[in-house]
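Engineer: Sharing a structure, written as structure tokens. Questions coming.
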Amino acid sequence: MNSSQQTILDVTDLCKRFGGVFATDHVNLSVLQGEVHALIGPNGAGKTTLISQLSGVLKPDSGKIVFNGKNMAGKPAHSFARAGLARSFQITSVFTEMTLLQNVALAVQANAGHAFSFWRDATTDNSLLEPAYEYLQTTGIAASANKPAAKVSHGERRQLEVAMALATEPSLLLLDEPMAGMGPEESGLMIEILQNLSGSKTILLIEHDMDAVFALADRISVLVYGKLIATGNKQEIQANPDVKSAYLGEDTDA
Amino acid sequence: MTNLPLKKNISRHPAFWINTIALVLLAVVPPVLFISGQPFWLDVFTRLVILALAATALNLILGFGGLVSFGHAAYLGLGAYAVGIPVYHSLYGGMDSIASFNGFLHIGLAVGISALFALLTGAISLRTRGVNFIMITMAFGQMIFYAIVALENYGGDDGLTIDVRSEFPLISLDNPLTLYTVCYLSLLLVLLIVYRITRSRFGLTLQGARSNEQRMRSLGINCYRYQLIAFVISGAICGYAGFLLGNFTTFISPEMMDWTRSGELMFMVILGGAAFLLGPVFGAAVFILLEQLLREVTIHWHLPFGILLILSVLFFNGGLAGAVSRLRSFKNQ
């Protein structure tokens, strides 16, 4: 981390309440160009609520989400994506009846702008399929390119999530628990894929798997009961007493 | 990059041949029956082809778009009245601006008014999903139904007889064989249009929205616009089917746009196989032919008809076309 890095995402004073409960409680968060920023927190800390606001799926009650200099708070989800903010979903969300290649080709097509072309055959359009295939290679699932998404393993579908997010050529990648439900072997593979991306991509990573977080993240923010209680590098977070008591548990020295 | 995994040649799938044979049979059998002295069957097939065309239009939004529109008979009605009303005024005066026998004007009116109605009602309906979408499209359909009932000038409830068919240069729709040919070629054209649309970027976006709307949005797609355009295209084509239906029956009434008619169109799509190009054609064929055959056996034909339809939906997952598309995997087992 050096101070010359630009802030790509600047969240200030973001609030979201469900009834009387603050799911997002005056959160301030900034993501710097080129970093892998991990967002961690115990179950129910409001991580998914936060990322949903950062991708336009939920509207915040108040606060700002400045992305590349523009305040995006309150805009619809597709505007976030068009602005260059792609997300993957914690619960796998792909086009199950399409093949992996078609899934990513659709993402490539979405990124190419409008799709008001009614006559030309897009299913054999190499300007869509070739980049799509490359993203499948990047995420290690090219071998299953022609299998329907419903028929591949959970791990491969998680990789597909990442491939689709990448295909929109985002300037910020929001990954919502990419390792969710994976075995150790699959997680290891995913960490490797994400390590290859770090450096070329700015990533905001929400993850439970501490091995993954410590292996990947440049900076870590900790969310507890909707509040951001700390941001810092790995050592700072591990040494932070608030984090220890709130998240890692009193007796943990991990 | 050349190592893209390529799809197998489509013409080797049995579905391709079954579809081709079905379309060839539709081209050959009805004219042969007519020439060999069975004009009644040509009528049955003309109706079949027109409804297949309407169901194909519905399939674009229902099958490929995943949006269950329960008001599509309204477009059939609008299209038919776009023939009936100009012809009525040509014969009995009034409304000089639209009074005409000109078929091209009729088509223009049928398609234009249907597209406009689809745009207005779609813009509202598409803000809802699921059951609400079904109910609101049905409500808009019924709105047109009652609007026509209220038009006493044009017969209201009792309907309107089209005394003169749409006129075109060189051909006469009064000749049943010509009318059938026009309907059949129209069906082929619409199938081609829907085929191209479903494989285009637009069509893939539409199918993506059917599969997973949230995901489409997170890819940066505003699904609403695409669905609305698909809805308008579907309505416009259905309006054209109405133009054909008016010229075929030469008697039109609000009954043809009743919600039960919308239900029949929906049924043809689902029975034949939603999201399969020729599904609605199979659906319409089975629906019309079965209705005809059972009618000859018993006046209580609705009962066995209903039972057969229920069974077919239960046992043909993905409709008839879905069953055909699984032929290969069946053969390999």
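Engineer: Under 6 Å between Cβ atoms, at least 6 apart or on separate chains: pull out the pairs that start in the stretch B:309-333 with a residue that is more than 20 Å from residue B:52 (Cα to Cα) and end on any residue that is in a helix (DSSP H, G or I) and modelled with pLDDT of 80 or more.
Structural biologist: Every condition considered, the pairs that remain are B:327/B:14.
Engineer: Where the second residue is crowded, with 22+ Cβ neighbours inside 10 Å and not in a strand (DSSP E or B) and the first is at positive phi and lies in the stretch A:6-26, which pairs have Cβ atoms under 9 Å and are six or more apart or on separate chains?
Structural biologist: If the second residue must be crowded, with 22+ Cβ neighbours inside 10 Å and not in a strand (DSSP E or B), the pairs left are A:26/A:226.
Engineer: Follow-up. For the stretch A:101-124, check the following and say yes or no: at least one residue is in contact (Cβ under 8 Å) with a residue 24 or more places away in the chain, aromatic (Phe, Trp, Tyr) and at the interface with chain B (Cβ under 7 Å from one of its Cβ atoms).
Structural biologist: no
Engineer: Could you please let me know if residue B:203 is within 14 Å of another protein chain (Cβ to nearest Cβ), crowded, with 16+ Cβ neighbours inside 10 Å, in contact with a Phe, Trp or Tyr (Cβ under 9 Å, 6 or more places away or on another chain) and not in a helix (DSSP H, G or I)?
Structural biologist: On the way: within 14 Å of another protein chain (Cβ to nearest Cβ): yes; crowded, with 16+ Cβ neighbours inside 10 Å: yes; in contact with a Phe, Trp or Tyr (Cβ under 9 Å, 6 or more places away or on another chain): yes; not in a helix (DSSP H, G or I): no.
Spelling it out, it is not the case that residue B:203 is within 14 Å of another protein chain (Cβ to nearest Cβ), crowded, with 16+ Cβ neighbours inside 10 Å, in contact with a Phe, Trp or Tyr (Cβ under 9 Å, 6 or more places away or on another chain) and not in a helix (DSSP H, G or I).
Engineer: Among the candidates A:94, A:104, single out the residue that is modelled with pLDDT of 95 or more, farther than 24 Å from residue A:231 by Cβ and crowded, with 23+ Cβ neighbours inside 10 Å.
Structural biologist: Criteria check complete, one pass: A:104.
Engineer: Please list, ordered by first then second residue, the pairs with beta carbon atoms under 6 Å, 6 or more apart or interchain, first in the stretch B:130-157 and without any contact (Cβ under 8 Å) to a residue 24 or more places away in the chain and closer than 17 Å to residue B:231 by Cα, second outside any helix (DSSP H, G or I) and not basic (Lys, Arg).
Structural biologist: Filtered contacts from the stretch B:130-157: B:136/B:128.
Engineer: Let me ask something else about it. Just checking, does the stretch A:125-132 include any residue being crowded, with 22+ Cβ neighbours inside 10 Å, touching a residue at least 24 places away in the same chain (Cβ under 8 Å), part of a loop (DSSP other than H, G, I, E, B) and more than 7 Å from chain B (Cβ to nearest Cβ)?
Structural biologist: No, every residue in the stretch A:125-132 fails to be crowded, with 22+ Cβ neighbours inside 10 Å, touching a residue at least 24 places away in the same chain (Cβ under 8 Å), part of a loop (DSSP other than H, G, I, E, B) and more than 7 Å from chain B (Cβ to nearest Cβ).
Engineer: Among the residues of the stretch B:189-197, is any charged (D, E, K, R) and modelled with pLDDT under 95?
Structural biologist: The answer is no, given that none of the residues of the stretch B:189-197 is charged (D, E, K, R) and modelled with pLDDT under 95.
Engineer: Out of the residues in the stretch B:217-246 that are in a helix (DSSP H, G or I) and within 9 Å of chain A (Cβ to nearest Cβ), which is surrounded by the fewest Cβ atoms within 10 Å (Cβ to Cβ)?
Structural biologist: Only one residue tops the list, namely B:225.
Engineer: Any chance you could count how many residues in the stretch A:52-71 are within 13 Å of another protein chain (Cβ to nearest Cβ) and of a type in the set (A, V, I, L, M, F, W, C)?
Structural biologist: Here the count works out to 3.
Engineer: Being of a type in the set (S, T, N, Q) and within 17 Å of the chain's Cα centre (by Cα) narrows it down to one of A:90, A:109, so name that one.
Structural biologist: None of the other options fit; the residue is A:90.
Engineer: For the stretch B:89-132, which residues satisfy the criterion of being of a type in the set (Phe, Trp, Tyr), over 13 Å from residue B:243 (Cα atoms) and modelled with pLDDT of 95 or more? If you could, list the steps in order and put the result at the bottom.
Structural biologist: Of the stretch B:89-132, the ones of a type in the set (Phe, Trp, Tyr) are B:92, B:101, B:104, B:117.
Checking which are over 13 Å from residue B:243 (Cα atoms) leaves us with B:92, B:117.
The answer is B:117, and nothing else.
Engineer: Okay, next question. Take the residues of the stretch B:292-315 that are of a type in the set (Val, Ile, Thr) and exposed (fewer than 12 other Cβ atoms within 10 Å of the Cβ): which is nearest to residue B:267 (Cα to Cα)?
Structural biologist: B:310
Engineer: Let me ask something else. If a residue must be outside any helix (DSSP H, G or I) and either surrounded by fewer than 22 Cβ atoms within 10 Å (Cβ to Cβ) or not small (Gly, Ala, Ser) (or both), how many such residues does the stretch B:252-270 contain?
Structural biologist: Qualifying residue count, the stretch B:252-270: 2.
Engineer: May I ask you to list the residues in the stretch A:179-218 that are modelled with pLDDT of 90 or more, in contact with a Lys or Arg (Cβ under 9 Å, 6 or more places away or on another chain) and part of a loop (DSSP other than H, G, I, E, B)?
Structural biologist: A:217, A:218
The values are calculated or read from the model by the stated rules, or taken from the named source; none is laboratory data. This one's a predicted model, so the numbers in the text were calculated from it and none came from an experiment. Counting neighbours? That spans all protein chains shown, and the Cβs are built from the backbone with ideal geometry, glycine included.
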